[in-house]
Each structure stands twice: as structure tokens, then as C-alpha cells.
Amino acid sequence: MNRLASTWRWKPGLAAAAILAQLLATGPVRSAELPAAWKNFQPVTLAQPGLVRFSVPLETLDAARSGLGDLRIHDAQGREIPFDLERPVQRAVVTAIPRKFTSTIASNATVALLETGLTQPVTGVTLQTPATDFLKAVRVEGSSDGRSWAIIADGLPMFTLPNGARELRVTFAAGVWPHLRLTLNDQRAQPIPLTGAVLHPEIAEAAPAEPLGVEITERAETDRETRLTLRLNGGNVTLAGLTLITSDPLFSRRVTLAQRSVSEGEVRETVIATGHVFRFALAGQPAVSNATFAVDVPVPTRELLLTVHNDDNPPLGLTTVQAIRRPVFALLLNDHPGPLNLLAGNALCPAPQYDLALLRRDLRTVPVVPVQAGALTVNAAFNAPDPLAQLAAGATPLDVSAWRFRKAVRLVAPGIQQLELDLETLAHCTPDFGDLRIVTRDQQVPFILERTAIQRSFSVTVARDDDPKRPRTTRWKLTLPHKSLPLTRLTCETAAPLFRREAVVYEERADSRGEKHRVTLGTASWVRTPELKAGKLVITLSQAPATDRLTLEVENGDNPPLDLTTFIAWHTTARLLFRTAEGSAPALYYGHPRATFPRYDLDLVARQIFLAQKAQAKLGPEEALKSKPLAESLAGSRGNALFWGVLAGVVVLLLFVLSRLLPKPQ
């Protein structure tokens, strides 16, 4: 082996061919033509023979399972070809500390002088500062002797903003500069302290990237967020970057990227990338922007959730999202004439272990060759059943006599359905959604519950109700359309330009004896100064209300009361994902406090459900199937009179019985 390794160092191409020929001579694994255990195949033709590396088509990556452990390559004779997969990512950027760093404050400017101590090109500098809220324009100059300076870049933004956005790195054209001078413009703001700097040498080789199609399938706007549902052209990829395309001239936003997965019958959102996008134009300079994030992020599914956090800013004019991905390279010895078949779509097979992986480090220099790929085709010999087609089979009967409410589910097309719960259903079902059932022909329809991060809103009926005994407090009575709504916050507006107020939201809850107690739901400190632009006044609720009547109190002190308008309530929502057949008429049952959450086997086909096109189902009007239980009626505020009436009747009955049992007087 040592002799072989020595030969490989001197003649890489010949050694690689010899080693691969030796590996193949041991006898490739024989398999049937297009084995029945694989669902899909894609024919490819390589441009040249020998030791080659090519990019695996996106269609095959998408058809494979997560991790690509089911990917196989067969030649025209049905022989399995050993190969090795390479997933390139951008190598970690090597940074350097300057040999010398000084910082001085001059007239309306802060100047940082760096002696780089590098003989290789530098493409950027990150300044270090403890300042937490600033925006500066930076001019970068370079020098070979520390006396004569040449401008490299001017007007570059450097900032740290209150919303968490942070950009302390200035990037410029690569060059060898023994000395660098960075000048921060302090004309519009106070100087900031600079404590050090980090140099960014030029990257020797950028990781490869290929375009990736993206479609915006859903958009949801709230007063503080823009939520986009993205559908990629393929899954099982590594993003090389996600770019937001907008014409807004000035913005800074925090963005998050999440994916959905199923666990115990519920859809959970997992954040896989965070970042900040911005665009600035400083001191008459051309706009500088960075609208790309999520670099080298693995994405196993096609569907992604992009959230743009707008805070108090208006939503961005965002209509397009662009993406690029890292290619997946397959390396093999192409010594068999004719096309090759890429096989994918086997959920049970183990990942292959070829000896070729042992030579991965030595085969990095193998060139990438073009490939001609045919269409992804379903294997005619594949005999595994479609998991989505089995969802309607083996349904479980359900006795719905204990459920109190029902709504018809209105379908626009058969197949995978997405049903969002409306406000009335959210109020009458249990808080954990354990009583939800979808029923058709007395049989349960399996579903996946998705607790979305989407916030829905509705207007609140408000009436002024001040207490004459408390002249310093302003009070509003808020009436909700239903009890027990999953509210998360309340917002309102005012035109007052300058104020500071303490606000509280509470409700009166009745206990089992009918006595009412005040329960605080949320508090807030409202402040508006001339430096802070006008925005909505927000009260975040620590718990959801149990009644349909809330009270908002604002302490004014000795100041005039605020004129509040536009009261909006915000609440969480949930969706159900399920499959229906042609001609079915499902109904949603809810309102069973003792029901527990159902357990279905849909976790096994969650990926197929996410990838499938979904029809938007709607709920019909509510039908009351049975009245409220007596104990629940007595516990409510409206049941107080009935409670005391029943208690009085029991007392009268007991007195009557005692009177009959006592002996009569002589």
C-alpha cells in the first residue's frame, strides 16, 4: 500500500485510474436491471470517459431520501458502479490580526490606522467596538509606505442598530496593502470607540454554486411581520444563499428561515438560519446593500418559511426571492460505454459503503465534466404502494355522540387539503386541540396539526367606561366575539406626540361559587418622544382570556388622557393537513373537553404531504350537536342565577323532609 501511495503522489491521474480499475476488478455488485426497490431513475450521459466528477441533477437529489443514502448508479448492463459523493461548502474564512492598530479622533472623524503585516491580498476589515447604536460611513485607503494614500472605497456603511442588525465589516477590492486607513464620518453623530480590527485575506477559491428556482406560494402580513412560504424546485440541497429582491431604497430587517417537520402528529417549525438584510445610501454615495443570507444551510425539504421582521416599519415591497445552491458531485470511473442510470427513492436500503471513499482526499483535483441528463422517470418495476394513496385506507370508526359542535369542511378539489381553523372553532375547541376530529362516513380521517406562527387579527368593540372615583385613570371596556380566544396581544393607536403611560389589561373571572376575581392578562409601558416615530401601542398578553369581556386601564397621572383608536386583537391559529378522496364530504368535530389528541401514522409520510400541492379547504357554519354540560353552565357567570336557584330549591326540599321527620306536638 505504501508503494501504491507513493505512485499516487507522483502520478495522480494514473494512480487513480489504477486504483479504481483494481476496485472494479474485484467485481462490481451485480443487480437486476432497474431493481424494483427503487422508485425513480434518471439516465445521464457523461461527456468523457475515465475518472470524472459530475454534478448530480437536482431531480435525482429531490427524489432521494434525506441524506442521499439511497442514491445508486447503474450502467447499461445493470451493474452497480462504485462512486463517492462530495458536498462542497465554502471553507471557513481565515482571519488575521493586524500587526499594529491605532485609533484617533480628528475633526468630525474617527481614524483607524492598521499595519497589516500581510503579503497576501486583503478584501475586508472588521472593526471592533462596544458601541450598540450607530450608523457610520467609512472611507478605506491603502498605502505601501504609510505616507502616500490611495482611496480604495468610500461611503461604505458600518452600523449596529437597535433591532439587532449589525455590520462591522467593510469589504473592498482585493489588494496587497501593508498599511490601511479607515476613516469614520462623525459629522452627523457622536464618535464611537474603536478597540481593534480583524483582517480578511482573499479567499483562494470560492465554493461552486448553481441556481435554484424559488416560488412564493403564500404570503401572510401582520403589523410587525411578513411571512412567506417558499417552494424550492428541489429538496435535499445545501443553500449557497437566499436573496430578497426589493426596490425599497432604505431598509434594515431581521430575517429568519424555518422548515417544518412532524413530531407526534404535530407540525413544528425549526429555525435553520437567521440574518439581517439592509440597503443604505450615505452621504450622497451609491446605495450599498446586502440582501443575502442563509449561506451553506442544508435544506432537506422543498418548503421553507421566510419571516421578515418589520417591527414598526411598513412591509417591504418584496415580490421575488432568488436562491442558489451548492452542487452535489459524484465521482466515479466512467469506463463502460453507454448511459448511466441514477437510482433514487428507496426508504429502506442502507447507505452504500464503497472503497472509493477512502481516496476522497486524494481525488479532489479530478475535473468536473458536463453531463446530459434525461427526465426523471418512475421505475416500471417499482411495486411499493404510494403512501399518500393509503391515507384513506384502514380508517377508524368514531362515535361522535360526545362532541358538542360540528362544521362541514368545504372542498374545492380532492387530494391533500390545508384547513385553517376559524375564530369560532378556536374558541370552542380545547386549548391543546385534543378534541379535533375530521370525520367522513362515520370514519376518522387522519390529519396533521400545524401550530403556525401566523398571527391573525380582528377589530375589537370598545366603549369608554371611566370610573368617577379614579380621575387619573382612563378605562375602556373591550368586547370579544367569543370566549376563550387564544389572544397574544392587543394593539391600538393614538395621535399624541409625547407621552409616557402605564397600561394594564385584565378580566373578571368567576369561580365555581360565582364570585368574580380580577385576573391580569398583560401590562405595558407606553413611551413616545420626539425622537421616536409614531407607531402602534402594544400590550402583550401573558395568558389568553377566559371570558369575552376585557378591561383596559391607562394611568395618566396629572396628564390629559390619551385618545385611543383602532383597537385590534391578535391571536394564534392552527391548520390541519389531511387527504380526501373524490366525492367525500368530511366534517370537523370539536367541543369535547375530555378527548385526548389522536395519534395517527402520518409522521411516516410527512415529507410527501409537505411536497404535495395543497387545496385550501374552508369551514362551513357551526352546528350545535348538544347543549353545554350542567356543571359547566353552573360555573359560568351567566349561570349564577341558576346556581342559586337550584341551591334554594335543595334547601327548601331538605326543610320539608326534616319537617316530616320531626315528631308532631301533642
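Provide the packing ranking of 601-608, 303-310, i.e. peptides ordered by the mean count of other C-beta atoms within 10 Å per residue, highest first.
My ranking of the peptides, most packed first, is 303-310, 601-608.
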Honestly segment 143-194 on the Cα gyration tensor test (a ≥ b ≥ c root eigenvalues; a/c under 1.5 rounded, otherwise a/b vs b/c for prolate or oblate) is just prolate
Expressed in nanometres to one decimal, the distance between label points 7 Å along Cα→Cβ at residue 479 and residue 102 is 7.5 nm
Diffusion coefficient in µm²/s returned for segment 387-626 by Stokes-Einstein, Kirkwood Rh over C-alpha pairs, 10 °C and 1.306 mPa s, is 77 µm²/s
With R₀ set to 30 angstrom, the calculated FRET efficiency between the beta-carbons of residue 250 and residue 563, to the nearest 0.05, is 0.45
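In what sequence do 466, 154, 133, 435 fall when counting other Cβ within 10 Å, fewest first? Could the numbers behind the result be given before it?
Values: 466 13, 154 17, 133 10, 435 22.
Fewest-to-most ranking of 466, 154, 133, 435: 133, 466, 154, 435.
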Straight-line reach check, residue 136, cutoff 20 Å on alpha carbons, 8 or more apart in-chain or any other chain, hits among aspartates and glutamates -> 154, 167, 186, 531
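Set the Förster radius R0 to 45 Å, insert the Cβ-Cβ distance between residue 163 and residue 369 as r into 1/(1 + (r/R0)^6), and round the FRET efficiency to 0.05.
Numbers: r = 47 Å, r/R0 = 1.05.
Taking R0 as 45 Å, the efficiency between residue 163 and residue 369 is 0.45.
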The exposure ranking of 483, 100, fewest beta-carbon neighbours within 10 Å first, is 100, 483
Segment 212-326: spread of alpha-carbon positions along the three principal axes, whole Å, largest first, is 54, 33, 20
Percent relative contact order for the chain, counting Cα pairs under 8 Å at least six residues apart, stands at 17 percent
In the chain, whole DSSP H helices that both stretch 24 Å or further along their axis by alpha carbon positions and average at least -0.5 on the Kyte-Doolittle scale are 640-661
Row for segment 533-576, column shape: gyration tensor on C-alpha, a ≥ b ≥ c, rounded if a/c < 1.5 i.e. under 1.5, prolate if a/b over b/c, else oblate; value prolate
Residue 543 and residue 355 label points (each 7 Å along its Cα→Cβ direction) are spaced in nm at 6.9 nm
Rounded to one decimal in nm, the spacing of the 7 Å Cα→Cβ label points at residue 216 and residue 115 is 5.3 nm
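On average over all directions, what projected area in square nanometres does the chain have, based on the convex hull of its Cα atoms? Write down the numbers at each step before the final one.
Values: hull surface 189.1 nm².
With every direction weighted equally, the projected area is 47.3 nm².
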Convex hull around the C-alpha positions of segment 219-284: the volume in Å³ per residue is 145 Å³
Quick shape check on segment 430-539: root eigenvalues a ≥ b ≥ c of the Cα gyration tensor, a/c under 1.5 is rounded, otherwise prolate if a/b tops b/c, else oblate, and it reads oblate
Of the listed pairs 516/626; 407/626; 469/536; 483/516; 39/614, those with alpha carbons more than 20 Å apart are 516/626; 469/536; 39/614
Per the rule of 0.36 nm per residue minus the C-alpha distance, extending residue 203 to residue 534 adds in nm 114.6 nm
Taking Cα atoms only, Rg over Rh for segment 100-201 with Rh from the Kirkwood formula is 0.95
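We did not get these values from a lab; they are worked out from the coordinates using the rules stated. Note that the structure is predicted; figures quoted are calculated from it, not measured. Every residue, glycine as well, gets a Cβ built from its backbone with ideal geometry; the counts of neighbours run over all protein chains shown.
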